Amino acid sequence: SPTKAVYNARHWNQPESEALPAPPVLKTASVPVRLSSKEAIHKDDGVFKAPAPPPKVIKTVTIPTQPYQEIVTALKCRKEDKELYTVVQHVKHFNDVVEFGENQEFTDDIEYLLSGLKSNQPLNTRCLSVISLATKCAMPSFRMHLRAHGMVAMVFKTLDDSQHHQNLSLCTAALMYILSRDRLNMDLDRASLDLMIRLLELEQDASSAKLLNEKDMNKIKEKIRRLCETVHNKHLDLENITTGHLAMETLLSLTSKRAGDWFKEELRLLGGLDHIVDKVKECVDHLSSDENEEKLVASLWGAERCLRVLESVTVHNPENQSYLIAYKDSQLIVSSAKALQHCEELIQRYNRAEDSICLPDNKPLHHQNVTNHVGKAVEDCMRAIIGVLLNLTNDNEWGSTKTGEQDGLIGTAMNCVLQVPKFLPQEQRFDIRVLGLGLLINLVEYSARNRHCLVNMETSCSFDSFCTGEGDDSLKITGQIDAVQALVQLFLERERAAQLAESQTDELIKEAPTAQHDKSGEWQETSGEIQWVSTEKTDSTEEKDKKEEDDEELDLNKALQHAGKHMEDCIVASYTALLLGCLCQESPINVTTVREYLPEGDFSIMTEMLKKFLSFMNLTCAVGTTGQKSISRVIEYLEHC
């Protein structure tokens, strides 16, 4: 080929104020092109063509050889007064080029790593490839690429035999844990979930596992430990890096609510629920033996996380409910009952109540911080326990009977309604009280045994009852009382408190300031015209306006607080009335017992509250749910009493 010709632009032909950009550095190839001088300058579809230098002059056009840049180098020259152009066509945007490069880099990396995961590779090569892939997956961008291309299932399909090698199984569990760090992740298929369950079943001292050697195993654990330190690992015990621990943490972190019914079904069929229930039992057993606060918190957190998963997979799922009730002779119910009783004891020792009468005397600051830490863990665990028991007993006579058979459980549930709230912060008391009432309603709705047990029980009146302060003498009660009497007392107090809050809110609305005249100016007549003339505001006027705005905001906050208090009192009163109504069903003796403690023995006060609650549910919930049917049935029964 001819020698490459270089065109040197003359400086007198270039604008003085513009600097020529530096040419891009490209891999090029020389191609001779013969240009014709007979071409006229014209524009065709945005493409400019111009006459070339004199005929028989050979110019070399530089063409890049990169496969992803379709660029024709532009030549610009000037002859006489006519500019000559060679046009750039099909130029890709900078972002497109960068995206293509990133995709190509990801493709190269994943193909290289997948080739090292295959079963025909040496064991140490497979382990190193899994660790390398896990390190890449620690970056959110790489996890995004991996999921966008659907490679997660392919990776775990290649590692399907990992449970036969202890070191490879540990690496695979670490990879699963890293991939589960995305909060809204749920892209596992059945095969991947099956592999995770199989990794959970591995024993720590499996003699049949093929070990490289202890030194290599320790190296792998150290790499995994350093890798896990780079991601969110709140609940991971870095000193206990094992296959089972990593697999369990991965399973508990799955967002089963987003997975749909298939995940709940497969988790039961593959045995995942068995491992979670066994983990709950293990954590509950540690509650009675752990004296160290850190170990106690770890056990509470472990039980709470397992119970949250079980609560999620049992809601509106009768198959899972029945399976968990029957599993190992109701092991989950037994463990939950024990855990709830332990939490009732612990919440008194580590209470976080803001009221000064509930705080232990002379506690040092460090001890108080420990109390807050442990107390919060106990509160979270209690809510998770009651949530699971609510699902297992909802419209389920078998579950209600099995749960009510647990020694002391009904009494513990009553304490959650009447006594436990005083050991909690003010904003947490309503939740635990409503959960306790809901559990008692489920227990007595379909079980005559549980109704009989609750009616014959003795308890203390509610901690915030008028018996502990000033109020109507007719409501003052002291000492141990019947459970029915305590519940009627709670209902009457909440119903009166709701009426009081409603009247106070109405007064606040009536006292709302009326619209005042605009004092920012006045109408004045000038030159036969009426004009609005604004007055200058003094500092005192501005301060007065600001004070009025603050007062209005304060009044609004007060109204909202009264409305919130009214709603809480109404809900507690409605749940208590529903519980008393369920006790009265199919039992004239219980009807007589409840009537004794009501004012004038009239059930109308209860039916009115339940009707309001039913109307509220009809506005906020789907019509025809089981809860609304139960309320309607109780209202109809009480109206005929």
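The values are calculated or read from the model by the stated rules, or taken from the named source; none is laboratory data. Just so it is clear, the model here is predicted, and its values are computed rather than measured. Virtual Cβ from ideal backbone geometry, glycine too; neighbours counted across all protein chains shown. Quick note on the areas: whole protein, heavy atoms, side chains included, nothing else; ligands and nucleic acids left out. Shrake-Rupley method; radii C 1.70, N 1.55, O 1.52, S 1.80 Å.
Summary of values
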{"quantity": "Carbon plus sulfur fraction of accessible area for the range 585-641, probe 1.4 Å, in percent", "calculated": "58"}
{"quantity": "When each of K118/K221; K279/K376; K376/K629; K234/K338; K295/K328 is checked by Cα-Cα distance, pairs over 30 Å", "calculated": "K376/K629"}
{"quantity": "Extreme residue, positive dipole direction of the range 273-456, given options G438, S289, A337 (C-beta unit charges)", "calculated": "G438"}
{"quantity": "Using θ = phi - 60° and Karplus 6.51 cos²θ - 1.76 cosθ + 1.60, couplings along the range 583-600 (whole Hz; Gly, Pro as x)", "calculated": "5, 6, 4, 6, 8, x, 5, 5, 4, 5, 5, 5, 4, 4, 9, 7, x, 6"}
{"quantity": "Protection proxy ranking, peptides 263-274, 591-602, average beta carbon neighbours within 10 Å, highest first", "calculated": "263-274, 591-602"}
{"quantity": "Percent accessible area from carbon and sulfur atoms, the range 273-456, protein chains only, probe 1.4 Å", "calculated": "48"}
{"quantity": "Mean Cβ count within 10 Å, highest first, over the residues of peptides 564-571, 108-115", "calculated": "564-571, 108-115"}
{"quantity": "Counted charge near V417, where neighbours are those whose Cβ lies closer than 13 Å (Asp, Glu -1; Lys, Arg +1)", "calculated": "0"}
{"quantity": "Projected label distance in nm at N618 and N240, using a 7 Å step from Cα toward the beta-carbon", "calculated": "5.3"}
{"quantity": "Most to least packed among 97-103, 429-435 [average Cβ atoms within 10 Å]", "calculated": "429-435, 97-103"}
